[in-house]
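Take a look at the structure below.
Each reported figure results from applying straightforward, stated rules to the coordinates on display, with no laboratory input. A quick note: this is a predicted structure, and the numbers were derived from the prediction, not measured. Every residue, glycine among them, receives a Cβ derived from its backbone with ideal geometry; neighbour counts consider all protein chains shown.
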Amino acid sequence: MVWDAYKLMTTPECKYCGQKEHIRKHGKGSTGAQRYQCVACDKTFQQKYIYIAYQPEAMEEIITRYQTGESTQEISEHMKANMSTVKRCLGQADLLEKA
Ligand SMILES: [Zn+2]
């Protein structure tokens, strides 16, 4: 599955200091969401939206919505996924023009 491969390559950014070069996995949170630890500031956090959005069903919904004419902004709001997630998903599917 191309989506699974993409999920593994994608590293979240630290919500405290913003860097994403030195993030490592830090077990699972109480809800089962992946937790990450920022090596730079030593804080742990969850990237719940990104994790949800990379599930294949969510990917399909993003693509379907885009193909039926919704903007990336609208998809982002409806799916409660952040804009970069939506754009990355569409980019991976070769649906979004590259900047
Ligand atoms: Zn940090």
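Fully extended, how many nm does the chain gain between ASP94 and GLU77 (0.36 nm per residue separation, minus their Cα-Cα distance)? In short, 4.0 nm is gained.
Here the extension length gained between HIS26 and VAL39 equals 3.6 nm, from 0.36 nm per residue of separation less the Cα-Cα distance. Distance between the pseudo-spin-label points of TYR16 and GLU57 (7 Å out from Cα toward the beta carbon): 3.4 nm.
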